[in-house]
Amino acid sequence: MNISDNIKRVREAKNLTQKEVIMAIDMGAAMYSRIESGKIEPSLTTLEKIAKALGVSLVELIQSDESLSDVNSVDKSLMEKVWLMEALNDEERKIIYTMLDAFIGKKN
């Protein structure tokens, strides 16, 4: 299961409409629809906003239903880092997300 599937699954489980999430994160409907349909990958900053609007942690939003023992060591390392980031305060997370967005933006 990928991130877009997780976003949709959590949104539906919480009985929220796309419009309710869009209003909570202040995003255009077309952009959100492309994220939820998997046509584009959201930035970490956007993922954090979506997770907050859905009332879940970032880890819960990106974690698949499969156990971590079924993923390779690179994926485990990434998940461990995401778990550690959840313990940071808002300002520290914002700095990390901004840096990651900048690095990823250079690659695109």
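No value in this document is a laboratory result; all are computed from the given coordinates. Just so it is clear, the model here is predicted, and its values are computed rather than measured.
Numbers below:
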read-out: Length gained when the stretch Lys81-Asp5 is fully extended (0.36 nm per residue, less Cα-Cα span); value: 25.2 nm
read-out: Theoretical gain in end-to-end length, Lys94 to Gln18 [0.36 nm per residue, Cα-Cα removed]; value: 24.9 nm
